[in-house]
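Take a look at the structure set out below.
The values are calculated or read from the model by the stated rules, or taken from the named source; none is laboratory data. The structure displayed is predicted, hence computed values, not measured ones. Glycine gets a Cβ as well: all are built from the backbone with ideal geometry, and neighbour counts include every protein chain shown.
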Amino acid sequence: MNALKEKLMVKAREVLGNDVVYEEGNFYSPRGSIRITEFNGEFVDYVYELKARKGRFTAYPFACDVAVVRVNDDGTVKPLKHVVYLDPGTPIDEEVVKEQVMGGTAIGISVALYEAYKYDDDGNLLTTNIADYGLPNAEDMPEIEVHLMPTPSTVTPMGVKGIGEVPVGIAAAAVVSAIEDVLRRRGLKARLTKVPVTPEDLWKILNT
């Protein structure tokens, strides 16, 4: 690219004068500008140079989840309802966004209650397949209600923000917080610090 840029710089100076600078596929001078694809006699397939710079596309979504769960006496947890409020920026297709949020929320609930790597005393992995790893089925999932609260970003094309990952962590945190709330209502001051929250963990707390 440098050799091609130098060749085109010579041609740009013939048109724009000696005070020429190059930036992101264009030559500039006080006389005007020329795009590198406008030069005859040179094959150019490079137009835009991607540069990392502070503030570029840092448009994070915002979300708030409310989880409702039932904690049974044997330590099992039944998610009953999960409500999501999400600011995705400008949604291109609201239904697709909601479906993706539902999928991420389901993963977050699974992280909170089911998914775990387990090892024996020698460090051998015991959860070697999906059956051992622990995943919920459709009956384990609560009703998931999604509300979009769009606030367009000022630093991205079309004002969009990310939506793919944020539902996972928010959902997991909401479920754990809901379990803690149930325990507090039972007079138990327990602080849950890891996921998944297993029936064994909760049984010990309930029977302490």
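Tell me, yes or no, whether the stretch 165-184 has at least one residue that is over 27 Å from the mean Cα position of the chain (by Cα) and in contact (Cβ under 8 Å) with a residue 60 or more places away in the chain. Yes - at least one qualifying residue is present in the stretch 165-184.
For the stretch 126-153, give me the residue count where each residue is among the hydroxyl-bearing types (Ser, Thr, Tyr) and more than 22 Å from the chain's Cα centre (by Cα).
3
Against the numbered list (1) touching a Gly at 6+ places or on another chain (Cβ under 7 Å); (2) crowded, with 18+ Cβ neighbours inside 10 Å; (3) closer than 25 Å to Ile205 by Cβ, Ser153 comes up short only at (3). All conditions but one from (1) closer than 17 Å to Pro61 by Cβ; (2) at pLDDT 95 or above apply to Val111; the one that does not is (1). Residues considered: Glu143, Glu200, Glu95. Of these, the only one that is free of Cβ contacts under 8 Å to residues at least 12 places away in the same chain, exposed (fewer than 12 other Cβ atoms within 10 Å of the Cβ) and out of contact with any Pro (no Cβ under 6 Å at 6 or more places or on another chain) is Glu95.
When restricted to residues that are modelled with pLDDT under 90 and assigned to a helix (DSSP H, G or I), the stretch 134-161 contains 3. When the stretch 1-43 is limited to residues that are surrounded by 15 or more Cβ atoms within 10 Å (Cβ to Cβ) and part of a loop (DSSP other than H, G, I, E, B), the one that is modelled with the lowest pLDDT turns out to be Phe39. The set of residues from the stretch 111-133 being touching a residue at least 60 places away in the same chain (Cβ under 8 Å) and either in a helix (DSSP H, G or I) or among the aromatic types (Phe, Trp, Tyr) (or both) comprises Val111, Ala112, Leu113, Tyr114. Scanning the stretch 175-182 turns up no residue that is aliphatic (A, V, I, L, M), at pLDDT below 90 and assigned by TED's automatic domain parsing to the domain that holds Thr76. All of (1) crowded, with 16+ Cβ neighbours inside 10 Å; (2) touching a helix residue (DSSP H, G or I) at 6+ places or on another chain (Cβ under 7 Å) hold for Ala174 with one exception: (2). Against the condition assigned to a loop (DSSP other than H, G, I, E, B), modelled with pLDDT of 90 or more and within 29 Å of Ala173 (Cα to Cα), how does Asp65 come out, does it pass? In short, no. Against the list (1) within 24 Å of Arg186 (Cα to Cα); (2) assigned to a strand (DSSP E or B), the condition Val84 fails is (1).
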